[in-house]
Amino acid sequence: MKNKLKTLTRGEKSENVVGLMAKTFVSLCALADWSRTDTTVEQPATTLVKGGAIPAGATADAVPVAAGVGNAGKKFEPMGLHYNIQIHLPASRDPAVYDAIFKSLKDHVLS
């Protein structure tokens, strides 16, 4: 297990960290229910809305943050990707510089 984790982390983690990762994996395997032979997992019916998925028939404003129920009754939060973009603007008195920067953002990021 340790050798596989070393490969997966490209040797960027210390021996101690890799050992702890291996122990965590082995402990989680001991807790897992390996008796299921069916590999398909039924997902609750959801509708995609801005900000994540919500159960079918519910409205976005009526669903709490921990929307839906996963396997074995465990609650989960919808996953989403969030990008934080920082722009360091140059010191310039020419408005064309800023116009070009924001036009480029509009064309390449917001499209």
Filtering segment 100-111 down to residues that are modelled with pLDDT of 90 or more and open to solvent by 100 Å² or more (accessible area, probe 1.4 Å) yields K103
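Looking only at segment 79-102, count how many residues are of a type in the set (S, T, Y) and in contact with a helix residue (DSSP H, G or I) (Cβ under 9 Å, 6 or more places away or on another chain).
First, the residues of segment 79-102 that are of a type in the set (S, T, Y): 83, 92, 98.
Within this subset, residues satisfying the condition of being in contact with a helix residue (DSSP H, G or I) (Cβ under 9 Å, 6 or more places away or on another chain) are 92.
Qualifying residue count for the region: 1.
The values are calculated or read from the model by the stated rules, or taken from the named source; none is laboratory data. In this text, all values refer to a predicted model and were calculated from it rather than measured experimentally. Positions of Cβ are backbone-derived with ideal geometry, glycine not excepted, and every protein chain shown enters the neighbour counts. Please note that ligands, DNA and RNA were not included when accessible areas were found on the heavy atoms of the full protein model with its side chains. Shrake-Rupley method; radii C 1.70, N 1.55, O 1.52, S 1.80 Å.
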